[in-house]
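The values are calculated or read from the model by the stated rules, or taken from the named source; none is laboratory data. The structure presented is a predicted model; accordingly, all values stated were derived computationally and were not measured. Cβ sites come from the backbone with ideal geometry, for glycine too, and all protein chains shown count toward neighbours. These accessible areas exclude ligands, DNA and RNA; they are computed on the full protein's heavy atoms, side chains included. Shrake-Rupley method; radii C 1.70, N 1.55, O 1.52, S 1.80 Å.
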Amino acid sequence: MNDVRERGAEKRALRVGAIGVGAHATTSILPNLPVAGLRLVATCARHLDRAEAAAARFGAPRAFDDVGRMLDEVELDAAVVVVPPDQFLDVIRACISRGIPVFADKPAANDALEARQLAEEAASAEVPVAVGYMKRFAGAYRLAREVVSKPEFGTLTMGSFTWTMGPFADRLSMRDWLFENPVHHFDLARFFFGELDDLHVISAKGKEYTVAIVARYESGAVVNLRICTTGSWSQHNEAVEIFGEGHSVFVDNLDTCIWRPPERPERVWRPNYTVPVAENMTGTTMGFASELVHFHRVVTGELPCESDIASAAKTLELTAEIAERVLACSG
């Protein structure tokens with residue numbers, strides 16, 4: 001969590017071009033560039049007026065409606081790509097071919113096959129492509145990862161992941177919803193436990209979506225994931241609980257981490273919202289700033305990438321398998 005506080009502004013600012021300036025990019029990604037030591041120098045969108053509006057809002061001197069032109073005409077250290085899934089392949093390929101590192105919002109590809117292709121091309125060109133599964137970098141989840149890695153926590157034995165949302169069925173199909181929202185927890189399960197060894201899925205009938213998943217991971221741990229759109233937009237939407245041997249850790253609604261050792265008392269961490277430092281800000285709590293700080297350090301060679309396009313391909317493979325089984329039992 002100290003990454004955001006200790007890194008970023010004091011580092012050399014990397015010049016970045018933003019490809020895609022829609023609502024998610026302009027509310028969650030671009031506002032967090034400065035704290036990560038990333039300086040926006042160009043924007044690109046399908047409609048030039050939108051690129052120009054984003055450039056004016058975030059202080060970029062140039063705007064484009066052609067990706068190739070921006071990549072060729074502007075000297076960039078990296079690109080930030082936030083586009084619809086079916087546009088990632090061509091955009092990221094264009095960056096890789098020019099040797100420009102990429103931060104791509106999830107899922108970074110239309111499917112696992114495209115992600116694997118991009119991973120191969122990125123590895124061959126030695127160009128880093130990081131994927132924005134921001135929950136890996138959210139403060140409470142980072143702390144939970146530190147806790148479960150302690151020798152005294154013991155071998156991970158069980159995990160429970162809950163992801164509840166308000167109604168979605170009128171906006172997205174079951175399959176599209178799985179790839180749009182619960183995919184974050186599928187990736188988070190991989191982040192904590194590794195790769196899947198066994199999978200069982202059941203879904204409830206009804207207009208909205210309710211799915212229960214039980215899996216065994218290669219580590220030997222048993223994991224369950226409970227996901228639905230029958231929750232409330234105004235109540236807690238996510239939780240993760242992980243058991244070791246006598247120890248457990250619980251992350252409540254993204255911002256609170258509780259370590260429960262064998263003997264009381266439990267240890268509770270949450271942001272100290274009164275103190276206006278980076279680690280207590282929304283960008284760190286949700287992971288949007290932290291993932292960009294990590295990307296800066298990947299580009300400058302300080303760290304290996306913890307959420308690269310090869311990992312994203314495995315998350316998409318897992319999501320596709322879950323989707324296939326959900327649709328099979330729903331039919």
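In segment 82-90, is there at least one residue being over 23 Å from PRO304 (Cα atoms), charged (D, E, K, R) and either open to solvent by 20 Å² or more (accessible area, probe 1.4 Å) or touching a Leu at 6+ places or on another chain (Cβ under 6 Å) (or both)? Taking every residue of segment 82-90 in turn, at least one turns out to be over 23 Å from PRO304 (Cα atoms), charged (D, E, K, R) and either open to solvent by 20 Å² or more (accessible area, probe 1.4 Å) or touching a Leu at 6+ places or on another chain (Cβ under 6 Å) (or both).
The set of residues from segment 162-199 being farther than 21 Å from VAL147 by Cα and among the charged types (D, E, K, R) comprises ASP170, ARG171, ARG175, ASP176, GLU180, ASP197, ASP198.
Considering segment 63-139, the qualifying strands (runs of 3 or more DSSP E), each wholly inside and each with 3 or more residues that are in contact with a Ser or Thr (Cβ under 9 Å, 6 or more places away or on another chain), run over 129-132. Residues in segment 114-159 that are of a type in the set (Val, Ile, Thr) and either at positive phi or crowded, with 24+ Cβ neighbours inside 10 Å (or both): VAL129, VAL131.
Within segment 70-90, can you find the residues that are over 24 Å from the mean Cα position of the chain (by Cα) and either more than 23 Å from ALA13 (Cβ to Cβ) or touching a residue at least 40 places away in the same chain (Cβ under 8 Å) (or both)?
Taking segment 70-90 and keeping what is over 24 Å from the mean Cα position of the chain (by Cα), we get 70-75.
Once the filter is applied, which keeps residues that are over 24 Å from the mean Cα position of the chain (by Cα) and either more than 23 Å from ALA13 (Cβ to Cβ) or touching a residue at least 40 places away in the same chain (Cβ under 8 Å) (or both), segment 70-90 yields MET70, LEU71, VAL74, GLU75.
For segment 255-308, the set of residues classified as within 20 Å of VAL16 (Cβ to Cβ), of a type in the set (S, T, N, Q), touching a strand residue (DSSP E or B) at 6+ places or on another chain (Cβ under 8 Å) and open to solvent by less than 40 Å² (accessible area, probe 1.4 Å) consists of SER307 only. Taking segment 151-177 as the range and being assigned to a loop (DSSP other than H, G, I, E, B) and in contact (Cβ under 8 Å) with a residue 24 or more places away in the chain as the test, the residues that pass are GLY154, THR155, LEU156, THR157, MET165, GLY166, PRO167, PHE168, ALA169.
When the criteria are applied in full, ARG50 fails the requirement of being at pLDDT 95 or above, of a type in the set (Lys, Arg) and either more than 17 Å from ALA23 (Cα to Cα) or open to solvent by less than 20 Å² (accessible area, probe 1.4 Å) (or both). Hey, can you tell me all the residues within segment 91-109 that are touching a residue at least 40 places away in the same chain (Cβ under 8 Å), out of contact with any Leu (no Cβ under 8 Å at 6 or more places or on another chain) and open to solvent by 10 Å² or more (accessible area, probe 1.4 Å)? Passing the criteria: VAL91, PRO101, ASP105, LYS106. Being over 29 Å from VAL277 (Cβ atoms) and among the aliphatic types (A, V, I, L, M) is a property that holds for ALA94. With the condition kept exactly as written, say whether any residue in segment 90-99 is basic (Lys, Arg) and out of contact with any strand residue (DSSP E or B) (no Cβ under 6 Å at 6 or more places or on another chain). Yes, segment 90-99 contains at least one residue that is basic (Lys, Arg) and out of contact with any strand residue (DSSP E or B) (no Cβ under 6 Å at 6 or more places or on another chain). Of all the criteria given as (1) over 28 Å from VAL222 (Cβ atoms); (2) under 16 Å from the mean Cα position of the chain (by Cα), the one not satisfied by GLU302 is (2).
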